[in-house]
Each structure stands twice: as C-alpha cells, then as structure tokens.
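A short reminder: the numbers here are calculations on the coordinates, not readings from a lab. Predicted model, so just to flag it, every value in this text is computed and none were measured. Here Cβ is always computed from backbone atoms with ideal geometry, including for glycine, and neighbour counts include all displayed protein chains.
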Amino acid sequence: MSFLKTMSHHLDDVPSSPGKFKPDKPSLYFHRIRLQSSVFSRSAFWSLIFLTFVAFIFLLSAPSSTGSSYFHPRRDLLSGAASWGGREWERRLRKSATPKSSSGRTVLVTGAAGFVGFHVSRALRQRGDGVVGLDNFNDYYDPGLKRDRQNILSRSGVFVVEGDINDHALLKKLFDVVPFTHVMHLAAQAGVRYAMQNPYSYVHSNIAGFTKLLEACKSANPQPAIIWASSSSVYGLNSKVPFSEKDRTDRPASLYAATKKAAEEIAHAYNHIYGLSITGLRFFTVYGPYGRPDMAYFFFTKDILNGNQITIYEGPDHSSVARDFTYIDDIVEGCLGALDTSKKSTGSGGKKTGSAQLRTFNLGNTSPVPVTELVRILEKLLKVKANKKVLPLPRNGDVKFTHANISLAHSEFGYEPKTNLETGLKKFVKWYLSYYNGSKNTLR
Ligand SMILES: O=C(O)[C@H]1O[C@H](OP(=O)(O)OP(=O)(O)OC[C@H]2O[C@@H](n3ccc(=O)[nH]c3=O)[C@H](O)[C@@H]2O)[C@H](O)[C@@H](O)[C@H]1O
C-alpha cells in the first residue's frame, strides 16, 4: 500500500501538528493473528485472542499519552506511555491554574510552546491570570526552540503540559482538575506552503483536533469561553481590500486556509448547539522574537547571515507580493482584548440554556508591506546584502497580498497596532542575534 493510501486510511491516527512525519508502520495485529491462526492450533489461537484482550484492557486503564508521533487507531485510548497524571502532576496543574489576581480567570492555552501561545501565556500570567499550557512539542520546526519557550514559561509560573489536543482522555482530565474559565486555543498546524507536503497534518490538527477540543469544552462544567486562532488566509482569492470580516471567505487558496475556514464553520455549529461562547481571531502574518523558523522573515534572516540565496516571489507583470505583517506584541494585545470581552458560555451538562456569543475579528496591522521591502529592511538591520533570486509566485497556496480592516476589533476592545515593520524587525533581529549567539550556523 502506498504511503498516501496508508495515510488516507489513518487520518485519525496522525498526531496534532505532527510536523515532519516519521510514520511507523500501521499496527497490523489482527492481520498477524489471522496469519498465525492458520499455523497454530485452535487452542493457541484462542490463547492469543485472550492475551490481546487482556493487553487491550490494560492499555485502556493506563493514563494517556504525550501525543508523540505514532499511528494507531484510537490512539487516545491505546497510548501506553504515561507522561501526565498522578498526584504531583495535578499539584503542578492546580498551582499553575491559580490566579494571582482577583480576576478569577483561569486560562488553558493550547499551543503554549508555540510562537503566539508562548507570548500570550506569558502576558496572561504577568497580569495575574491562572494559566495552564498544553503543547505536543512536535518537530514541524526545531523543538529546541519550543523547549526554550517552555522553560521561560516555567520560570514565570506557567506549567506547560506535554500532550496533544487530540488526546480526549487528557483533555477530560484537565477539565476535571481545573475549572477553566477560558480556553485560548492556539495549537494548530501552521504554514501555508507546507500543506502541499503534509496535507493530513492540517486536517488532523486544525479540524479533528479543534473538534476534540470543542467536545471537551462543551462537556466541561463550567463551560469555558473559547478564543482561538483563525487566519487571514481565509480571505483567499478575494481582491477587495482591506479585508473585512463581512467579506466572503469561500475561496481558500491553500489547504491550510480551507482547514481554518472549516474550523470557523465548526465553531458556528458548536456555538449554536451547545451554547459555547466562541471568538475567532484572524491573524495576519505574525512576526517577532521567539518566532516561527518556517516563516519568511525568519529564514530570510538566517539565509542572509549565512550568505545563502533567498527567493522572493513576485506577482504577474513583476507586481509585488505584500503582507500585512503584524508584530507579536500587537497580536498579544488583541488576544487579551478578545478574551476580556468574551462572555460566558451558556451551556450546562452539554446542553445549551440560551444563545451564546459568537465573534470573528481581524487582527492585522492595516499597513501591507511588499516582501521586497521586508528584505530591504533586513539587509539594513543585518548590514549584509542579500543574495536574491526573484521567481513568479508559485501556485503553492500563497496569495498575492493581505490587508486587514481592523475597525471591528478596534470598536469591540480598542485594538490598535502600534508597531511598524521596521521597528518590529529591529526587535526581532536583536533577539535573533542574541538567541543564536551571533552564530551563523544552522538553527538548533
Ligand atoms: O496570515 C496568516 O494567516 C498566515 O501568515 C503566515 O503565512 P504567510 O503570510 O504566507 O507568511 P510567510 O510564509 O512568512 O510568507 C510571507 C511572504 O513571503 C513570501 N515568500 C515566502 C517564502 C519565500 O521563499 N519567498 C517569499 O517571497 C510569501 O509569498 C509571502 O508573501 C503564516 O506562516 C501562516 O501560518 C498564517 O498564519
């Protein structure tokens, strides 16, 4: 069976945000049993069945897993290695979840070791909210960077649980131990172009994982309010700018965008059926210190310093490709503003008792900058001339431009981005040089 065929049969077996797949062979216990039964005696066959059954019961009763990469049906039930659970784990969880201020807010941040999740978790904790992180530490990009973020969070009093949003038992346990008031859902398979290489990881994290999380939220008592990361990419092939939340979003240009759009519709259904309060935030190309190494501003910096050629995409007739690059601190402000204005969910015991809040906001910078200008600023800051190659924008999911209308977020919670690209990149480059210690070697 080809890899693709295998994958299509095991959609639900992929870890959330699994990054670079290293697929194990799918489990073939039953095939083996069938083969062996033809050579074993009938009693040996039934002994095997019995042993398999005992092993199955044993695995079901074991605490669940870390969300590391393996492929197995019902992975959330069958996972063996326990990296969560136990008295000490629960003690750390409760401590981290305890607010230090009178706000009474306790927030579960998924994707807490990711770029935006890290900054949002820190900001929430700094102002006194109780914060628990959740992250599967997959290797889509350097997990060492994620561990460094985790260590910083740990020093600020945020416990990041290692686990996967697809792990139903873990989610249930988290909600059993902590009465979260809010969930800031930032775990996702990100990246527009990577979706062509690894499509199923997007379906698994951004659709299946999101649904698992909403299922857990819907059954939790109290139900939390949910604030989650959608994407500017849902505007797809739209040409009217700036992009407004009222615009159509039915022409995604990438699978990444399609999964975010699907998640927006799933959010609608859970709000409608179960009374979950849900706020979707459409982020516009977020950048800054502790950013994602898969993003252009990040690997351009690395390549320029290493003297490697960079590729700059251009549109038809040599038109420039532009992005509404948004600095991380502005995004954090937006996330906190959305959280603070979110209303309580209205469901109880999995049943809706009244209509609940459902909102969508653009969080952008309202000031698109051509990619050529991004490179010019980096050259200036790094004091190194880039070795550039210009290529037509490939049909890989990229769109020509993005531009946010942010008036809705402004009127609802005073969202007002303050950092222009040059200032933001200056902060990024300063961080980059100190983090990688001036080394021109590859990333850790
Ligand atoms: O707003 C979002 O919702 C998304 O933002 C981000 O996607 P993008 O805006 O595509 O960012 P990014 O890859 O940094 O490319 C930036 C620019 O460089 C151009 N680009 C890229 C690579 C290259 O080699 N050359 C090039 O010109 C490229 O054509 C583009 O114009 C997040 O990654 C994504 O997860 C999602 O959150």
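For the range 143-167, enumerate the residues that are surrounded by fewer than 18 Cβ atoms within 10 Å (Cβ to Cβ) and more than 21 Å from Pro293 (Cα to Cα). Residues satisfying the conditions are Ser154, Arg155, Ser156, Gly157. Counting the residues of the range 205-261 that are in contact with a Cys (Cβ under 9 Å, 6 or more places away or on another chain) and within 14 Å of the ligand (Cβ to nearest atom) gives 1. Applying the condition of being hydroxyl-bearing (Ser, Thr, Tyr) and surrounded by fewer than 19 Cβ atoms within 10 Å (Cβ to Cβ) to the range 84-142 and asking which residue is farthest from Phe298 (Cα to Cα) yields Ser102.
Considering only the range 373-390, I want to know if a residue exists there that is more than 28 Å from Gly315 (Cβ to Cβ), more than 12 Å from the ligand (Cβ to nearest atom) and not in a strand (DSSP E or B).
Within the range 373-390, one or more residues are more than 28 Å from Gly315 (Cβ to Cβ), more than 12 Å from the ligand (Cβ to nearest atom) and not in a strand (DSSP E or B).
Going by the structure shown, is Ala269 assigned to a helix (DSSP H, G or I) and either under 14 Å from the mean Cα position of the chain (by Cα) or within 16 Å of the ligand (Cβ to nearest atom) (or both)? The answer is no for Ala269. Residues of the range 117-127 that are in contact with a helix residue (DSSP H, G or I) (Cβ under 7 Å, 6 or more places away or on another chain) and farther than 23 Å from Ala220 by Cβ: Phe118, His119, Arg122, Ala123. Taking residues in the range 379-393 that are of a type in the set (Asp, Glu), and partners anywhere that are assigned to a loop (DSSP other than H, G, I, E, B), the pairs with Cβ atoms closer than 8 Å and at least 6 places apart or on different chains are Glu379/Lys385; Glu379/Ala386.
Among the residues of the range 200-222, the one identified as basic (Lys, Arg) and touching a strand residue (DSSP E or B) at 6+ places or on another chain (Cβ under 7 Å) is Lys218.
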